[in-house]
Amino acid sequence: MIAGIIRERKAHGQKAVLGLPTGSTPVGIYRELIRLHREEGLDFSNVVTFNLDEYLGLGPDRLQSYRRWMQEHFFNDINIPPENIFIPDGLTPPEKLDEHCREYEAAIQRVGGIDIQLLGIGRNGHIGFNEPFSATNSRTRVATLDPVTRRDAAGDFFGEEGVPMQAITMGLGTIFDARKIVLIALGEHKASIIRETAEGPSTPRVPACYLRQHADATLLVDTAAANKLTAVATPWVLGKIDWTDQLVKQALLWLSEQSGKALLKLDDDDFRQHNLHQLLRHHGPAQSVAHRVFRWMMAGRRSARSSRGVHDQRQHRGLRSRRQTNRRPGERIQPPVRHRRVQIQRPGRARGPVVGKEGPGR
Ligand code: GLP
């Protein structure tokens with residue numbers, strides 16, 4: 001998508017303007033763009049970038065500075081002209097901060113606005129450093145960091161005390177002006193805030209939820225971050241579904257939790273009271289489907305126990321098993337990462353997220 005915009009703009013002799021985040025989330029995107037540059041000649045000479053934010057008081061020589069992070073993770077490896085890179089300057093003296101922020105906004109205007117704004121999300125729903133209760137029309141400014149943000153950043157600063165109290169950030173208004181927005185979330189620790197962002201009430205407590213009002217905003221999540229979305233956690237409440245064994249099991253465990261009853265004690269009324277009429281119709285009555293799930297679970301436990309046995313034996317024969325699998329000692333097989341694409345809803349559309357096809361996201 002990003003490469004497409006860069007190529008398309010270049011073909012028309014125009015600049016592509018990217019709004020960029022830092023953090024663990026976009027690392028894979030930067031790596032892929034670097035690969036496209038090296039292997040497929042993706043040209044960044046007509047690209048202009050604006051970073052979302054920078055810690056106040058940090059210069060580019062500091063380990064945690066976003067300017068330094070961007071150089072090391074992206075800019076040093078592509079052919080972007082240095083004068084096309086814009087990042088708020090964390091060392092701006094206090095008396096010049098207002099002017100610096102105004103100039104940042106003016107620079108975005110001068111190049112005709114941002115074509116695509118990439119975003120990560122904080123566990124408290126912040127985007128950039130627009131913390132809970134930021135004004136929706138806010139522009140680039142100095143913002144005071146939320147305690148959750150400072151706690152999450154503590155690892156980078158060798159303790160919470162080292163985390164700056166303030167940062168310069170693009171405002172929510174600045175972000176919403178981008179023509180296209182893509183918010184990316186990876187990992188289980190983002191699942192709750194992603195649910196609130198995509199499906200919760202519109203509230204200033206979760207700044208990212210206002211992205212639902214944008215004309216072209218997409219949420220890109222991996223399987224772990226999607227876990228609590230209705231379409232993944234309880235798809236049966238959204239309408240007709242194909243009842244795979246996995247979904248039947250998921251529904252029964254959910255029903256047992258909701259009703260506070262053991263699996264084998266569930267009755268037809270529990271199913272009806274929790275919108276599981278379709279499951280009851282196709283796989284009921286309650287007792288029979290509950291017994292089926294119970295048997296699968298027992299069989300699953302037995303096979304997990306026996307494969308653990310095999311694994312233990314392999315560990316004892318470590319050398320042989322490593323040679324066979326061609327893995328380095330101690331290296332674990334990583335499950336394939338899958339992504340989901342969710343079109344962020346705009347007001348007036350049907351309730352519940354629209355989850356597109358699963359597939360490799362980048
Ligand atoms: C910081 C940045 C945000 C970023 C967030 C999430 O607070 N200011 O722009 O989205 O961290 O970081 P991560 O991607 O590491 O989860």
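Values computed for the structure shown
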item	result
Test: residue in the stretch 140-159 that is within 17 Å of L52 (Cβ to Cβ), more than 16 Å from the ligand (Cβ to nearest atom) and in contact (Cβ under 8 Å) with a residue 24 or more places away in the chain	no
Selected residue (criterion: nearest to the chain's Cα centre (by Cα)) from residues of the stretch 170-179 that are more than 10 Å from the ligand (Cβ to nearest atom) and closer than 20 Å to V148 by Cα	L172
Out of A215, A167, sole residue that is within 16 Å of the ligand (Cβ to nearest atom), of a type in the set (G, A, S) and in the same structural domain as D98 (by TED's automatic domain parsing)	A167
Residues of the stretch 17-41 classified as away from the ligand (no atom under 16 Å from the Cβ), surrounded by fewer than 19 Cβ atoms within 10 Å (Cβ to Cβ) and not in a helix (DSSP H, G or I), total	1
Unmet requirement for A231, which otherwise passes all of (1) buried (at least 17 other Cβ atoms within 10 Å of the Cβ); (2) in contact with a strand residue (DSSP E or B) (Cβ under 9 Å, 6 or more places away or on another chain); (3) without any contact (Cβ under 8 Å) to a residue 60 or more places away in the chain	(3)
Residue pairs meeting the criteria (Cβ under 6 Å; at least 6 apart or on separate chains; first within 18 Å of H214 (Cβ to Cβ), in the stretch 104-131; second in a loop (DSSP other than H, G, I, E, B) and among the small types (G, A, S))	I114/A178; Q117/A178; G120/G23
Residue in the stretch 180-190 that is within 15 Å of the ligand (Cβ to nearest atom), free of Cβ contacts under 8 Å to residues at least 60 places away in the same chain, part of a loop (DSSP other than H, G, I, E, B) and not aliphatic (A, V, I, L, M) present	yes
Residue in the stretch 42-52 that is free of Cβ contacts under 8 Å to residues at least 12 places away in the same chain, surrounded by fewer than 20 Cβ atoms within 10 Å (Cβ to Cβ) and in contact with a Lys or Arg (Cβ under 8 Å, 6 or more places away or on another chain) present	no
Subset of the stretch 122-132 (residues that are in a loop (DSSP other than H, G, I, E, B) and closer than 23 Å to R102 by Cβ)	H126, G128, F129, E131
Some residue of the stretch 66-83 being touching a residue at least 60 places away in the same chain (Cβ under 8 Å) and within 16 Å of the ligand (Cβ to nearest atom)	no
Residue within the stretch 2-16 that is without any contact (Cβ under 8 Å) to a residue 12 or more places away in the chain and within 16 Å of the ligand (Cβ to nearest atom) present	no
The lone exception for D152 - which of (1) more than 29 Å from S192 (Cβ to Cβ); (2) part of a helix (DSSP H, G or I) it fails	(1)
So F44, is it within 20 Å of G113 (Cβ to Cβ), in contact with a His (Cβ under 9 Å, 6 or more places away or on another chain) and at pLDDT 95 or above	yes
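Residue-wise test of (1) more than 13 Å from the ligand (Cβ to nearest atom); (2) part of a loop (DSSP other than H, G, I, E, B); (3) closer than 21 Å to G171 by Cα.
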residue	(1), (2), (3)
D43	yes, yes, no
T49	yes, no, yes
G90	no, yes, yes
E99	yes, no, yes
I114	yes, yes, yes
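The values are calculated or read from the model by the stated rules, or taken from the named source; none is laboratory data. Since the structure is predicted, the reported quantities are computational estimates derived from the model, not experimental observations. Cβ: placed from backbone, ideal geometry, glycine included. Neighbour counts: every protein chain shown.
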